[in-house]
Structures are given as structure tokens and as C-alpha cells.
Amino acid sequence: MSKQVLVAGVGNVFLGDDGFGVEVVNRLLDQSLPDWVQVTDYGIRGVHLAYELLEDYQVLIIVDALPRGGAPGTLYVVEPDLDEDFSNPQPTAALDGHGMNPEAVLGLCKTLGARVSRALVVGCEPEDCSPGMRLSEPVAAAVAPAVDVVRDLLADVHGSLVAARSDESGMRRSDRRLKVTAPACPGSQRPHAPDPGRGDT
């Protein structure tokens with residue numbers, strides 16, 4: 001089965017809590033996951049991640065430190081609107097380990113033409129992103145719960161993907177029946193059913 005969901009850990013392990021996403025995906029890599037899931041530690045390689053999304057992934061889950069003003073260690077799940085303009089005033093942000101963030105990655109993905117249909121960000125409020133290779137205590141304590149959050153999201157995403165495939169399959173069967181029961185008449189054109197397109201996930 002082809003990979004449908006990419007779980008990407010991003011962050012700089014040399015900047016304390018900024019390494020949260022890397023730690024979470026490394027935990028996930030030690031676990032048994034469905035064969036339709038690809039889990040990768042991208043670290044600060046934002047361009048690598050953006051180019052990876054040119055493959056036929058349908059869903060992206062980014063795991064990263066995410067400062068939003070909460071208490072250190074607070075977990076967030078954010079679903080960006082992929083129709084939004086992610087233009088960055090500093091276009092090299094996705095190349096810079098100190099400046100890479102989910103918005104920069106998504107902006108670069110749009111620029112390159114990646115076709116991912118849904119993105120989710122599992123973030124953790126950092127306490128200390130100063131130079132150092134250790135997570136702060138509250139952020140380290142949030143790693144295991146974040147792994148559980150990602151697994152829950154994968155279960156939810158899988159249900160959506162199965163439902164979308166089922167809908168698309170049903171429409172295609174209807175298309176075939178239409179072509180059998182409504183043959184073209186002389187001098188007329190065969191009716192065409194609407195293209196089902198990509199189902200919403």
C-alpha cells in the first residue's frame with residue numbers, strides 16, 4: 001500500500017525545547033504503525049520536507065514546538081486552512097533552522113505545487129529554546145502524551161480516508177452503470193457523469 005500520511009518531526013535539537021517534534025517522531029519510529037503511514041525526522045530540513053510532499057501524500061501531520069502563550073508543556077492540535085496565503089516576508093525561513101516553522105514549510109509546499117489535501121500540527125508550548133540539547137521538564141513530560149495524540153489523529157485520518165475512497169468507489173460504480181444503461185443514440189453524445197474528483201478528508 002502506498003504511503004498516504006506523512007508524520008514529520010521538525011525542530012532544532014540544539015535549541016532545547018525546539019527539539020520537541022524530533023523527540024516525538026523518534027518515539028513513534030520505535031512503535032508499530034500502519035503501512036500507509038510514513039514517519040520521518042526532518043529536523044531543520046524544511047526544503048527536504050517540502051519536496052517530500054510532492055509525492056502523493058494526502059495528509060501531513062507536523063510535530064513541532066509551537067509557542068502560543070500557554071503554560072509550558074501544553075499540547076495543541078491546529079489544522080491550518082490550506083487555502084490561506086502562507087507567504088512569508090522572509091522566504092528563506094524554511095531554509096533556516098532558527099526560523100523554520102509550520103507556516104514556512106506550508107508556504108514552501110504551496111510554492112512547489114505540493115498537493116496535500118489536509119495538514120495538522122501537533123504542537124507543544126516550549127519553556128526554553130536557548131542553546132542546549134535537553135528538553136525542559138514540562139516539555140519532556142509532554143512527549144508521551146503527544147505520541148498518543150498523533151496516534152489518535154492517525155486513527156481519525158484513516159477513517160476519513162476510508163470514507164472518501166468508499167464514496168469515490170460508489171460514484172465510479174454509478175458511472176459504469178450509467179454508461180451501460182444509457183447507450184449513445186445515433187447522432188447523439190453519450191452522457192458524461194461529473195468527475196468525482198478528490199473526496200474531502
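The values are calculated or read from the model by the stated rules, or taken from the named source; none is laboratory data. Keep in mind it's a predicted model, so treat the numbers as computed, not measured. No Cβ is skipped: glycine too gets one built from the backbone with ideal geometry, and neighbour counts run over all protein chains shown. Protein only, heavy atoms only, side chains kept; ligands, DNA and RNA dropped before computing areas. Shrake-Rupley method; radii C 1.70, N 1.55, O 1.52, S 1.80 Å.
Among the residues of region 76-128, those identified as part of a loop (DSSP other than H, G, I, E, B), open to solvent by less than 40 Å² (accessible area, probe 1.4 Å), at pLDDT 75 or above and not hydrophobic (A, V, I, L, M, F, W, C) are 80, 125, 126. For region 1-51, which residues satisfy the criterion of being of a type in the set (Asp, Glu) and more than 17 Å from residue 127 (Cα to Cα)? The answer is 30, 35, 41.
In region 22-56, the qualifying residues are those that are of a type in the set (Phe, Trp, Tyr) and surrounded by fewer than 21 Cβ atoms within 10 Å (Cβ to Cβ), and the one that is farthest from residue 163 (Cα to Cα) is 51.
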